[in-house]
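Derivation of every value follows stated rules applied to the coordinates shown; laboratory data play no part. All figures in this text were calculated on a predicted structure; none of them were measured in a lab. Using ideal geometry, Cβ is built from the backbone for each residue, glycine included, and neighbour counts are taken over all protein chains shown.
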Amino acid sequence: YTFCCSTSECVTQIYENTYFQGGDLTTVFTPSANYCQVVCTYHPTCLLFTYLPAAWTKDPAKRFSCYLKDSNTEMLPKVDMEGAISGHSLKQCNIQISACSPDVHIGLDMEGKIYNVTMADSYQQCQKRCTNDNHCHFFTYTSETFHNASFRKKCSLKHTSVGTPASIKVLDEVVSGFSLKPCQLSEIDCQMDIFEDQEFSGMNIRSFFTPDISVCQTICTYFPKCLFFTFFTREWQIESQRNLCLLKTSTSGIPEALISRENAISGFGLLNCRRSFPACNSRIYMHMNFLGDELNVTFTKGHRACQQVCTDVIRCQFFTYFPLQDSCNEERKCECHLRMSSNGSPVEIVHGPGRISGYSLRLCKKKAST
């Protein structure tokens, strides 16, 4: 097997007046290039981004657009474009990986679904309210000099399905910003309890295959709108739902009911907790095969070395190591399958002997010691 993928370094360089051509995954709206980079870092496949700032004059409707991009060569053609800002995801940048965004944006209205409006004396008070509300992703505060008197000193709490604004408008006398939950500043209860043989009822948002409850909980913690989850173990009676992680929410912010269910385990996202939980998972899973798109097959000595190769190859999200005799060469190095999927989780988890799987450590705050 040839080794395709170059190992990736952390690239912090920002390219002014530059647009990355092609490779588009999706577009979101963000108040700054900085926040666009954060979104790209936490997106499962985004490696590059282009951002059109407030000063973008060519097409005002495209202001604040954050284009998330991917490329199997990890680079895209750079095109000169006045005003555009481009850069890389920080997936490989251990120390700089954080979803915390304390900056506020003066003169910007970040639009989303407004579900709560109250009076507030300052934007700080409003941001605190957002941070201490389960459903709030971001807020807009209208000052006491706002042109429309009936909106003065109002604090609007907002959310969207993706966690970023639906659009952003330039507007005098307003201040917008994000919830500080990812900064460990929430005063809401941090629910660490795990509920064995219980299913939480609520609105299902998305589902993923995960090897255990801890990965399920990590995904819920970082997934917009997810407040709690239910995980079906490998003993779950419906075969197609084994290892399924269901992300859930509810209007009240807590499960509507607890249903007794054998081989179901439930719990809460940890975004409200006072300590941060890494967005990566370093555990190794014996006798599991994580299926996904095959990036490459290489040979390594041991599963830890395989995990390290996966971590070094930026597009690799998870791996499966084949330590059985017929998958090894004469140097006692065995097949290491580097894999990915569009959502960052295996498309299926197959249980069986002679397979060892795990995840890339690219979103870990510090590199794991091998």
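Scanning the chain for chymotrypsin sites (Phe, Trp or Tyr not before Pro) in DSSP loops with at most 16 other Cβ atoms within 10 Å, what's the longest stretch left with none?
Numbers: sites that count: Tyr1, Phe3.
It works out to 4-370.
Arrange Arg275, Arg242, Arg362 by Cβ neighbour counts within 10 Å, fewest through most, would you? Intermediate values should be presented prior to the final figure.
Values: Arg275 7, Arg242 17, Arg362 26.
Least to most surrounded, the residues fall as Arg275, Arg242, Arg362.
For a quick check: with amide H placed at 1.01 Å from N, whose amide H comes under 5 Å from Tyr15's, ignoring anything fewer than 5 positions away on the same chain?
Under 5 Å from the amide H of Tyr15: Ser86, Gly87.
Roughly speaking, what is the centre-to-centre gap between the stretch 12-27 and the stretch 129-166 when only Cα atoms are used, to the nearest Å?
29 Å
Among Ser357, Ser161, rank each residue by its count of other Cβ atoms within 10 Å, from fewest to most, as a rough exposure measure. Kindly include the intermediate steps, with their values, before the conclusion.
Details: Ser357 26, Ser161 12.
Ascending number of Cβ neighbours within 10 Å: Ser161, Ser357.
Checking a compactness column here: for the stretch 195-268, what do you get for Rg(Cα) / (2.2 N^0.38 Å), N being the number of residues? Each step should come with its number before you reach the end.
Details: Rg = 10.9 Å, N = 74, 2.2 N^0.38 = 11.3 Å.
Rg over 2.2 N^0.38 Å, computed on Cα atoms: 0.97.
Between Asp121 and Ser71, what is the FRET efficiency for a Förster distance of 41 Å, r being their Cβ-Cβ separation, to the nearest 0.05? Don't skip to the answer; put the middle values down first.
Working: r = 48 Å, r/R0 = 1.17.
Efficiency, rounded to the nearest 0.05: 0.30.
Which lysines, if any, have their Cα less than 30 Å from the Cα of Lys58, not counting same-chain residues under 8 positions apart?
Lys69, Lys78, Lys113, Lys158, Lys169
How do Met192, Met75 rank when sorted from fewest to most other Cβ atoms within 10 Å of their own Cβ? Don't skip to the answer; put the middle values down first.
Details: Met192 10, Met75 13.
Taking fewest neighbouring Cβ atoms as first place, the list is Met192, Met75.
Taking the Cα centre as origin and putting +1 on Lys and Arg beta-carbons and -1 on Asp and Glu beta-carbons, what dipole magnitude results for the chain, to the nearest 20 debye?
Numbers: 35 positive and 35 negative charges, 92 e Å.
The calculated dipole for the chain is roughly 440 debye.
Can you tally the net charge around Thr18? Count Lys and Arg as +1, Asp and Glu as -1, for every other residue whose Cβ sits under 11 Å from the Cβ of Thr18. The partial results should precede the final answer.
On the way: positive: Lys78; negative: Glu16, Asp80, Glu82.
Result for the neighbourhood of Thr18: -2.
What is the sum of charges, Lys and Arg at +1 and Asp and Glu at -1, for the other residues whose Cβ falls under 12 Å from the Cβ of Tyr285?
Result for the local shell: +2.
Would you tally the net charge around Phe146, using a Cβ to Cβ cut-off of less than 13 Å, leaving Phe146 out, and scoring K and R as +1, D and E as -1?
Numbers: positive: Arg152, Lys153, Lys154; negative: Asp109, Glu144, Asp172, Glu173.
Local net charge: -1.
List every residue whose amide H lies under 5 Å from the amide H of Phe146, counting only residues 5 or more places away in sequence or on a different chain, with H placed 1.01 Å from N in the peptide plane.
Under 5 Å from the amide H of Phe146: Lys153.
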